[in-house]
1. Would you check which residues across the range 424-453 are outside any helix (DSSP H, G or I) and open to solvent by less than 10 Å² (accessible area, probe 1.4 Å) and list them?
2. Just one of A109, A120, A113, A128 is assigned to a helix (DSSP H, G or I) and under 24 Å from A280 (Cβ atoms); which is it?
3. Being in contact with a helix residue (DSSP H, G or I) (Cβ under 8 Å, 6 or more places away or on another chain) and more than 30 Å from L141 (Cα to Cα) narrows it down to one of E340, E381, so name that one.
4. Residues that are of a type outside the set (D, E) and closer than 15 Å to G469 by Cα: list the strands (runs of 3 or more DSSP E) wholly contained in the range 340-398 that include at least 1 such residues.
5. If I ask for residues that are farther than 18 Å from R305 by Cα and either open to solvent by less than 70 Å² (accessible area, probe 1.4 Å) or in contact with a helix residue (DSSP H, G or I) (Cβ under 8 Å, 6 or more places away or on another chain) (or both), which ones from the range 8-23 would you list?
6. Just for the range 147-189: of the residues that are hydroxyl-bearing (S, T, Y) and open to solvent by 80 Å² or more (accessible area, probe 1.4 Å), which one is nearest to A279 (Cα to Cα)?
7. Given (1) assigned to a helix (DSSP H, G or I); (2) more than 25 Å from M453 (Cβ to Cβ); (3) free of Cβ contacts under 8 Å to residues at least 40 places away in the same chain, where does R584 come up short, assuming only one miss?
8. Going by the structure shown, is I36 touching a strand residue (DSSP E or B) at 6+ places or on another chain (Cβ under 8 Å) and among the aliphatic types (A, V, I, L, M)?
Amino acid sequence: MSSFGYAMPSYFKDMPQIGKPLTRVDAENEQQVRAIEEEIAKTIAEVNNSGRSDESLNKAGQMTALQRIDLLVDEGTWCPLDSLLNRWNNKDGSVGVIIGLGKIHDKWAVIVASDNKKLAGAWVPGQAEKLVRASDMAKQLNIPLVYVLNCSGVKLDEQEKVYAGRITGGTPFYRNAELQQMGIPVIVGIYGTNPAGGGYHSISPTVLIAHEKANMAVGGAGIVGGMNPKGYVDEESAAALADATRNAKKSDPPGSVAVHFGSTGFFREVYAAEEGVIAAIQKYMDAMPAYDENFFRVDDPKEPRLSVSDLYTQIPLNPKKSYNSYEYIARWFDDSQFMEYKSDYGPEIITGIAKMNGLLCGVITNRQGIIPNYPEYRVAEGEQAMGIGGKLYRQGLIKMNEFVTLCGRDRLPIVWIQDTTGIDVGDPAERAELLGLGQSLIYSIQQAHVPQMEITLRKGTAAAHYVMGGPQGTDNNVFSIGAATSEIYVMHGETAAAAMYARRLVKDQDAGKSLDETIDRMNSLIQKYHADSRPIACARTGLVDEIVSFAEIRKYIGAFIGASYQNPRSFCAFHHMMIPRVIRDYDAIYKK
């Protein structure tokens, strides 16, 4: 329990409990979801294990990147992100760098580790995007960025995919400068040979800590040997290059510890053992600004009252089946408590306040199921209206705009949990201003300036995916995760096939042609949509930052919320907050 005391306990300590105990087990659904989770875990393990073996590196006196991370972070806090990102189809399934959130001596940091199992951490296609994602997370959360660096420079036979461009080799260097100008430190522990891009990679952070065998330089020995080009290679130049390389092996590579500790002083500290570098990073993290979490706690941390394993029954893998959205809130947040905002308005959306390890956050999610006599604008036009849970209508968009704006005002981080089929369409929806309200929600999310994470629990569809906290819709999105049940697409495959081929069907039919060829194309597109929207495909293409098991989602939410409160740029005193008061007054007036 906190020794600081808790503010406004009548609002925050005994919030309403939600959720019901599981009464029936759907063994088939559980088996299917767990099988997908196992496939995802196996795929991630294959990527992590590809390249040079752990045993080979250890025998050579090096730890692997994951071994270094394991030594660096507090036990049980590591949350890897973008493990499968590889839209560039690199052969080993990786972009050569590992990133994630982890606690170092009880302080959250965004951590980047060169994967020295793969070409000694070389720059390969896609690596820069992953590094930029890491710097964005540090910027959004206002927490340190920590590098465990072992970068052998650019993979030269793919330099055109790595070197120049808007988000490529040089981008992380200026991003490191940006972070420091914002007061966010970048700490680097340097291992191995880091020439050329690897050298700039290591010099751009705030504090440089080196292993005794590390070096960093503008160029490596091989580059020095080839600095007098003819435009081609003949026997004479090949022999000269071989001699230069042979001689270079007899001396230290450029930028050794003797130079950058003994002469330039760029290295602040040098250690003979790899473990010493890790301990030094932890020492510098001890000096970083961070609030005691109890400063912001409103209640004791509590585990959910209901078991997360119930979700393997309660969340159907079949996207056409409905379920109760309150049940996953009850199994991921403290004591299954939830203070709902305007429960009877915009019924397709659930908004409210929950607690994670005693810290407040906003939660926004889709309600599932049928909503009779809704939306109101279709009823007003004389339709036999029936709202469909997961779709967005006027009231839900207005409610989300209001709630996000209040979270920004009260400085609460937001957790979005999506299962959406899109926004209502047609002239009644246009007259109801859904187009403008959707963009208004984007504006509200961006204007809130609070950290946000997004979970695509099942469907992320069309613009609704953007406006519900998706990574495309705001730079306040710290990260997005999916689950074994996730699928993301601009529209369902059958809808896309109809949109693309409806006119062709009419044309073929009017011409008396067989429809078989067009039907085959439609079915091919449907199959492609299905394959490209699966969880592993979503992770490889960067539609989500990680696919996480139901059991681990609370851990990721906890990391996000804890990091959000570690060193916030601004906050609101609890007794100045409006959301709990608005909820209490609304319930008192409208729920009599």
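1. Initial filter on the range 424-453 (outside any helix (DSSP H, G or I)): 424-426, 432-433, 449-453.
Matches in the range 424-453: A432, V450, Q452, M453.
2. Working: A109 fails: assigned to a helix (DSSP H, G or I); A113 fails: assigned to a helix (DSSP H, G or I); A128 fails: under 24 Å from A280 (Cβ atoms).
Exactly one residue qualifies, and that residue is A120.
3. Result: E381 is the single residue among E340, E381 that is in contact with a helix residue (DSSP H, G or I) (Cβ under 8 Å, 6 or more places away or on another chain) and more than 30 Å from L141 (Cα to Cα).
4. Passing ranges, in order: 349-356, 359-366.
5. M8, P9, Y11, listed by residue number.
6. From the range 147-189, those hydroxyl-bearing (S, T, Y) are 147, 152, 163, 168, 171, 174; that's our starting set.
Keeping just the survivors that are open to solvent by 80 Å² or more (accessible area, probe 1.4 Å) gives 163, 174.
Numbers: Y163: 33, Y174: 27 Å.
Per the criteria, the residue is Y174.
7. Failed condition: (3).
8. no
The values are calculated or read from the model by the stated rules, or taken from the named source; none is laboratory data. Note that the structure is predicted; figures quoted are calculated from it, not measured. Ideal geometry is used to build each Cβ from the backbone, glycine not excepted, and the neighbour counts take in all protein chains shown. All accessible areas refer to the heavy atoms of the entire protein, side chains included, with ligands and DNA or RNA removed. Shrake-Rupley method; radii C 1.70, N 1.55, O 1.52, S 1.80 Å.
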